[in-house]
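Asks: Please see the structure below; I have some questions.
None of the figures in this text is laboratory data; all of them are computed from the coordinates on show. Here the structure is a predicted model, which means the values were calculated and not measured. Don't worry about glycine lacking a Cβ; one is built from the backbone with ideal geometry, like all the others, and counts go over all protein chains shown.
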Amino acid sequence: MIVKPGERALVPTGLKIGLPAGYELQIRPRSGLALKHGITLPNTPGTIDEDYRGEIGVIILNTGHEDFVITRGMRIAQAVLAPVIRLTWVEVSALDETARGAGGFGSTGTARIP
Ligand SMILES: O=c1ccn([C@H]2C[C@H](O)[C@@H](COP(=O)(O)OP(=O)(O)OP(=O)(O)O)O2)c(=O)[nH]1
């Protein structure tokens, strides 16, 4: 399979798994491929749900400038098994106050070098 620069492809792994209840499998890019070839996963981390029984696919995005050639057995991604924490959401009329408040998206990136 060839993934051209700027293109995406769903790469079949041939793998089907049955996760235990309360777990997910996270599919992540490999740093070596990212650095050397610009290969990433646009949905990273890809989520394999505990009730999924189909074939695991890896969505590859080639952000590099050259064709990326995928051959059988090539290690194009990595996976991490993770527990899924479940809780019951409660609707409230107001949230507790914190020092951050609604600050986000770079609001703390203001450190000055002495
Ligand atoms: O990188 C990925 C991401 C997902 N999947 C499979 C397993 C997962 O359990 C299922 C659904 O994934 P997700 O919940 O991310 O997809 P969705 O777009 O929300 O679709 P759906 O409505 O099928 O859940 O697709 C993969 O094989 N590889």
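Asks: How far is it, in nm, from the label point at E50 to the one at T108 when both lie 7 Å from their Cα along the line to the Cβ?
Replies: Between E50 and T108, the simple spin-label model gives 3.1 nm.
Asks: Counting only residues 5 or more places away or on other chains, whose amide H sits under 5 Å from the amide H of T63 once H atoms are built in the peptide plane?
Replies: Under 5 Å from the amide H of T63 lie the amide H atoms of G6, I39, T40, each far enough along the sequence or on another chain.
Asks: For the chain, set up a Gaussian network in which alpha carbons nearer than 10 Å are linked by springs, and say which option among I56, I76, I85 fluctuates the most.
Replies: Of I56, I76, I85, the most mobile in the Gaussian network model is I85.
Asks: Now for a different question. First measure r as the distance between the Cβ atoms of T71 and Y23, then evaluate 1/(1 + (r/R0)^6) with R0 = 41 Å and state the FRET efficiency to the nearest 0.05.
Replies: 0.85
Asks: Mean-square fluctuation check for the chain, GNM, Cα pairs under 10 Å: which of T88, T40, T13 is largest?
Replies: Sorting by GNM fluctuation, first place goes to T88.
Asks: I'd like the Karplus ³J(HN,Hα) series for the stretch 7-22: coefficients 6.51, -1.76, 1.60, θ = phi - 60°, whole numbers in Hz, and an x wherever there's a Gly or Pro.
Replies: Here the 3J(HN,Hα) series is 9, 10, 8, 8, 9, x, 9, x, 9, 10, 9, x, 6, x, 4, x Hz.
Asks: What whole-number distance in Å separates the alpha-carbon centres of the stretch 25-101 and the stretch 1-19?
Replies: 13
Asks: Could you tell me the extents of the chain's C-alpha atoms along the three principal axes, largest first, rounded to whole Å?
Replies: Here the spans come out as 53, 47, 23 Å, largest first.
Asks: Could you give the semi-axes, largest first, of the ellipsoid that matches the stretch 9-66, computed as the square roots of 5 times the alpha carbon gyration tensor eigenvalues and rounded to whole Å?
Replies: So the equivalent ellipsoid measures 25, 11, 8 Å along its semi-axes.
Asks: May I pose another question? Pick from G73, G22, G54: which residue has the top mean-square fluctuation in a GNM of the chain where Cα pairs under 10 Å get a spring?
Replies: Maximum fluctuation in the GNM of the chain, among the listed residues, is at G73.
Asks: List the trypsin sites (Lys or Arg not before Pro) within the stretch 12-114 that DSSP assigns to loop and that have no more than 13 neighbouring Cβ atoms inside 10 Å.
Replies: K16, R53, R72, R75, R86, R100, R112
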